[in-house]
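Asker: Quick one: the structure is below, and I'll ask about it shortly.
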Amino acid sequence: MTARKDRFHLSPETRILTPEVAGLAELLHALREGQSILAQPGAVPIQAQAEQTQWLYCKSSGSTGYAKTIRRSPESWIRSFEMDRELFALGARDTYASLGNLSHSLTLFAAVAACQIGADLAMLGDCGPREQLSRLGEFHASVLYATPAQLRLLRRAAGKRQLEGLRLLFSSGGKLDHETRAGLQQLFPGAQVIEIFGATETSYMTIAGPDALEGSVGQAYPGVEIRIDSPDANGVGEIWIRSPFVFDGYVKGESQETRWNNGWLTIGEMGQLDESGNLFAKGRKNRMVTVADKNVFPEEIEAVLMRVPEVEIAVVCAVPDVLRGHVIHAAVQGEASPAALRQLCRHQIGDHAVPRSIRRVEKIPMLAAGKPDLQALRDLWDDL
């Protein structure tokens, strides 16, 4: 029987290798019964809801100052599952693994995709990096989904170890620095590393493989159209997409950066597009600030800082300043010299992007999504 495209299901071929994971029993129940799925932060990351039409709801943690719940149709994800099968020859012989919690859309995407196509599923978000490495080998994982922050910790724990079985590694939630990508290729010598640029609202926007142009987030995912609205003199403007993979809308909360226009959607990401279709993402419009009359994207500074091997995680904050508009500060987890990091920012971006201060912290607070908790860091930055 051909699976319906308007409902998720649980393939009889899928083996659940980590049944004890929080929220997984509820997810499997929803898939079996065709019920709606609510993903949310907390001890109970998944709830099944009986509705006439099956929907997927993803609730944010509100780490950027507000919480919201998005709604999407099963078809919007099922279309991308089918495209991934075609692009990467995915199927029931694969074993999917993920390093996050089911409340995070990337982890949930991996779990539902495995169940939809009949692949086996191993969820390792409850493990530390060393145990994750052991279980990836134990379960013979062939496909891995993770954020750059999770992958940096995994690579650090691996040392010179190698795992041969992985063939595809999908990274999403930020840009992989060159050092981490090279380390992942050493750790997983048989794997193709694919970076996904997107968001919970958009799913895939672009993908970048090993041949992607340096500094870009790749080119449009098949079926996605991209345009840059109102570009400045450097070609940087707001990114708009038209895509069959986008969400349906917000059912709780809202975002002023998320707007629709005649079938096109923006979530407030800024970037530039070259003539060959390579997209260079700069950061969120709501994080962009001016320093000495120049636009500065904290994400761009964070990416430069994390190119340094001694920096595990870097987070940038912009504090209002009467004379310069804003002053840049940074918190880094790692042993890198703050003076050397400031010099690197000056060389790579310019004087306006040099953090006035760089604080080394023992541990950057993280969300279940594998991203820095900006809300939790505000107290630190308020003292700067």
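The values are calculated or read from the model by the stated rules, or taken from the named source; none is laboratory data. This structure is a prediction, so every number in the text was calculated from the model and none was measured. Here the Cβ positions follow ideal geometry from the backbone for every residue, glycine too, while neighbour counts run over all protein chains shown. We work out accessible area using only protein heavy atoms, side chains counted, and drop any ligands, DNA or RNA first. Shrake-Rupley method; radii C 1.70, N 1.55, O 1.52, S 1.80 Å.
Asker: Quick test of your reading of the structure: Val315 fulfils all but one of (1) of a type in the set (Val, Ile, Thr); (2) open to solvent by less than 50 Å² (accessible area, probe 1.4 Å); (3) free of Cβ contacts under 8 Å to residues at least 60 places away in the same chain. Name the failing condition by number.
Answerer: Condition (3) is where Val315 drops out.
Asker: Still on this model: Give the residues of the stretch 328-343 that are hydrophobic (A, V, I, L, M, F, W, C) and either closer than 20 Å to Ala149 by Cα or surrounded by fewer than 19 Cβ atoms within 10 Å (Cβ to Cβ) (or both), sorted by residue number.
Answerer: Passing the criteria: Ala330, Ala331, Val332, Ala336, Ala339, Ala340, Leu341.
Asker: Take the residues of the stretch 11-60 that are of a type in the set (Ser, Thr, Tyr) and touching a residue at least 60 places away in the same chain (Cβ under 8 Å): which is surrounded by the fewest Cβ atoms within 10 Å (Cβ to Cβ)?
Answerer: Here the answer is Ser11.
Asker: State all residues of the stretch 239-273 that are of a type in the set (Lys, Arg) and without any contact (Cβ under 8 Å) to a residue 24 or more places away in the chain; if no residue qualifies, say none.
Answerer: Step one: of the stretch 239-273, the residues of a type in the set (Lys, Arg) are 242, 252, 259.
The answer is Arg242, Arg259.
Asker: OK, next. Restricting the search to the stretch 226-250, which residues are open to solvent by less than 20 Å² (accessible area, probe 1.4 Å) and under 24 Å from Lys68 (Cβ atoms)?
Answerer: Those that are open to solvent by less than 20 Å² (accessible area, probe 1.4 Å) and under 24 Å from Lys68 (Cβ atoms): Glu238, Ile239, Trp240, Ile241, Phe245, Phe247, Gly249.
Yes or no, residue by residue, for (1) modelled with pLDDT under 95; (2) open to solvent by less than 40 Å² (accessible area, probe 1.4 Å):
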site	(1), (2)
Val112	no, yes
Arg152	yes, yes
Arg156	yes, no
Leu166	no, yes
Gln192	no, no
Ile196	no, yes
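Asker: Any residue that is of a type outside the set (Lys, Arg), in a loop (DSSP other than H, G, I, E, B) and without any contact (Cβ under 8 Å) to a residue 40 or more places away in the chain - is there at least one of those in the stretch 61-84?
Answerer: no
Asker: Report, ordered by the first and then the second residue, all pairs with beta carbons closer than 6 Å, sequence separation of six or more or different chains, a first member in the stretch 275-294 that is more than 27 Å from Gly209 (Cα to Cα), and a second member that is among the hydroxyl-bearing types (Ser, Thr, Tyr).
Answerer: none
Asker: Output the residues belonging to the stretch 198-225 that are open to solvent by 30 Å² or more (accessible area, probe 1.4 Å) and either outside any strand (DSSP E or B) or not β-branched (Val, Ile, Thr) (or both).
Answerer: The initial filter retains those residues of the stretch 198-225 that are open to solvent by 30 Å² or more (accessible area, probe 1.4 Å), namely 200, 207, 210-215, 219-220, 222-223, 225.
Within the stretch 198-225, Thr200, Pro210, Asp211, Ala212, Leu213, Glu214, Gly215, Gln219, Ala220, Pro222, Gly223, Glu225 meet the criteria.
Asker: Could you list, in sequence order, the residues of the stretch 153-167 that are in contact with a Leu (Cβ under 7 Å, 6 or more places away or on another chain) and either touching a residue at least 60 places away in the same chain (Cβ under 8 Å) or under 19 Å from His140 (Cβ atoms) (or both)?
Answerer: Leu154, Ala158, Arg161, Gln162, Leu163, Leu166
Asker: Under 7 Å between Cβ atoms, which residue pairs at least 6 apart in sequence (or on different chains) link something in the stretch 122-142 that is over 21 Å from Gly190 (Cα atoms) with a partner that is basic (Lys, Arg)?
Answerer: Cys127/Arg135
Asker: Still on this structure, I have one more. Can you pull out the residues in the stretch 283-302 that are in contact with a Gly (Cβ under 8 Å, 6 or more places away or on another chain) and open to solvent by 40 Å² or more (accessible area, probe 1.4 Å)?
Answerer: Result: Arg284, Lys285, Asn286, Thr290, Ala292, Asp293, Lys294, Glu299, Glu300.
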